[in-house]
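Novice: This is the structure, below, for whatever I ask next.
The values are calculated or read from the model by the stated rules, or taken from the named source; none is laboratory data. Note that the structure is predicted; figures quoted are calculated from it, not measured. Cβ coordinates were reconstructed from backbone atoms using ideal geometry, including for glycine residues, and neighbour counts include every protein chain displayed.
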Amino acid sequence: MQVFELSFVAAVLLAATPVLYAALAGALSAQVGVFNIALEGQMLWGAFAAVAGSYITGSAWAGLLIAILTTALFSVILAVGSAAWKADPIIIAIGTNLLALGLTGFLMRVLFDVSGSFAPRGLQGLDKMSFLRDVPVIGDIFAGQTPLVPLAFVFVAAAGIWLKATSNGLRLRGVGEHPEASATLGVNVVAYKTWVTIVGGALCGMAGAQLSLGNVTVFTENMTAGRGWIAVAAVMLVAGRPLWLPVACLGFGAAEAFGFRLQGLGAPQQLTDAAPYAITLLVLVATRIPWTGSRAARRRTAEPANAVLEDK
């Protein structure tokens, strides 16, 4: 039973890691006032760049580096458009998502003369942490994972501490909360928004690389399958606070891992594929219900008091 439990924990971490990287990118963008819904397209581009880079160079780590750099470059569209040119980030992000979907499919046909999926011989995946195999408990969870899995949680913790405990982090939050006031204090608002969005693109490149070279070793058209939108939902769920992101993303990972378990028990694939997204929607709705109810309760409580005051 313990092996089953530890293997399930490992599956949850594996499923949650790409979403966590993308959600961190979205949370950082939210801190500077950019609502980034381009996470889906940026993850997809990162997944393609990682596989293409790994195949061409023969090194998965070179593929990871290529994914980080090219996805950061890909995010310049949103960064410059929303920060420097004051365009609507929602419109730009929608265009970016569509561009990534079409461009990755087109490049598969042009560069590799294939369609649907790309998994050639010699494609290198990211190394697993097999040196942990003999460590009790930890080995069962992490030995089959890539280093990007624990690194995601380190990044989240570092980002949360940096935002709360450093002057640059406080300036970054100030840019999002009141850009005009930040500008009067000499803070370059455009630079902060631009560079944070580009850093978010690099994080999405890591998310895509983990998905295509860590979780599996293949690129499939539209393989992100809505994970970027789940990351957007996670950012909304935690109100952009990075330190709470692992909770939301691990919930999605648990739903996806549980769906795979149900498939093993004979449940329809369509049902198990839809389960993580349905659960995410239910959680988003549920988090709004207590707030709405408490507001209504406060209103009902206040009405008699107001009536008494009016009588006096």
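Novice: Considering only region 7-16, state which residues are crowded, with 20+ Cβ neighbours inside 10 Å and either polar (S, T, N, Q) or under 8 Å from the mean Cα position of the chain (by Cα) (or both).
Specialist: Passing the criteria: none in range.
Novice: Looking only at region 130-155, count how many residues are within 24 Å of residue 247 (Cα to Cα) and either among the basic types (Lys, Arg) or not in a helix (DSSP H, G or I) (or both).
Specialist: Adding up the residues that qualify gives 6.
Novice: crowded, with 24+ Cβ neighbours inside 10 Å and at pLDDT below 95: which single residue out of 32, 19, 51 fits that description? Before the answer, list the steps.
Specialist: Values: 19 fails: at pLDDT below 95; 51 fails: at pLDDT below 95.
Result: 32 is the single residue among 32, 19, 51 that is crowded, with 24+ Cβ neighbours inside 10 Å and at pLDDT below 95.
Novice: Let me ask something else about it. Could you check, for region 70-87, whether at least one of its residues is in a helix (DSSP H, G or I) and among the charged types (D, E, K, R)?
Specialist: No: region 70-87 contains no residue that is in a helix (DSSP H, G or I) and among the charged types (D, E, K, R).
Novice: Is it true that some residue in region 93-111 is over 17 Å from residue 67 (Cα atoms), part of a loop (DSSP other than H, G, I, E, B) and not hydrophobic (A, V, I, L, M, F, W, C)? Working first, answer last.
Specialist: Residues of region 93-111 that are over 17 Å from residue 67 (Cα atoms), as a first pass: 93-95, 98, 102, 106, 109-110.
Now restrict to residues that are part of a loop (DSSP other than H, G, I, E, B): none.
Checking region 93-111: not a single residue is over 17 Å from residue 67 (Cα atoms), part of a loop (DSSP other than H, G, I, E, B) and not hydrophobic (A, V, I, L, M, F, W, C).
Novice: Turning to a different aspect of this structure: Which residue pairs have Cβ atoms under 6 Å apart, sit 6 or more places apart or on different chains, and have a first residue in region 232-259 that is at pLDDT below 90 and a second that is buried (at least 21 other Cβ atoms within 10 Å of the Cβ) and among the acidic types (Asp, Glu)?
Specialist: Close Cβ pairs satisfying both conditions: none exist.
Novice: Okay, next question. Only residues in region 93-105 that are free of Cβ contacts under 8 Å to residues at least 60 places away in the same chain and of a type in the set (Gly, Ala, Ser) count as the first member; pair them with residues that are surrounded by 15 or more Cβ atoms within 10 Å (Cβ to Cβ) and in a helix (DSSP H, G or I), Cβ under 7 angstrom, at least 6 apart or cross-chain, and list the lot.
Specialist: The qualifying pairs are 93/78.
Novice: Okay, next question. For the subset of region 94-117 comprising residues that are more than 16 Å from residue 208 (Cβ to Cβ) and hydrophobic (A, V, I, L, M, F, W, C), which member is surrounded by the fewest Cβ atoms within 10 Å (Cβ to Cβ)?
Specialist: 110
Novice: Right, something else. Name the single residue, out of those in region 31-59 being in a loop (DSSP other than H, G, I, E, B) and touching a Gly at 6+ places or on another chain (Cβ under 6 Å), that is farthest from residue 162 (Cα to Cα).
Specialist: Step one: list which residues in region 31-59 are in a loop (DSSP other than H, G, I, E, B), which gives 32-38, 58-59.
Cutting the leftovers down to touching a Gly at 6+ places or on another chain (Cβ under 6 Å) gives us 32-33, 36.
Values: 32: 14, 33: 17, 36: 20 Å.
Among those residues, the one meeting the criterion is 36.
Novice: I'd like the full set of residues that are in contact with a helix residue (DSSP H, G or I) (Cβ under 7 Å, 6 or more places away or on another chain) and either closer than 25 Å to residue 68 by Cα or hydroxyl-bearing (Ser, Thr, Tyr) (or both), limited to region 158-175.
Specialist: Scanning region 158-175 gives 159, 160, 162, 163, 169, 172, 173.
Novice: Turning to a different aspect of this structure: If you take the residues of region 180-237 that are aromatic (Phe, Trp, Tyr) and in a helix (DSSP H, G or I), which of them is farthest from residue 60 (Cα to Cα)? Please lay out each step first, then the result.
Specialist: Initial filter on region 180-237 (aromatic (Phe, Trp, Tyr)): 192, 195, 219, 229.
Still in the list and also in a helix (DSSP H, G or I): 192, 195, 229.
Working: 192: 32, 195: 26, 229: 26 Å.
Applying the filter and picking the extreme gives 192.
Novice: Sticking with this structure for a sec: Assuming residue 91 fulfils every condition listed in (1) under 21 Å from the mean Cα position of the chain (by Cα); (2) over 14 Å from residue 194 (Cα atoms); (3) buried (at least 16 other Cβ atoms within 10 Å of the Cβ) apart from one, which condition is it?
Specialist: (3)
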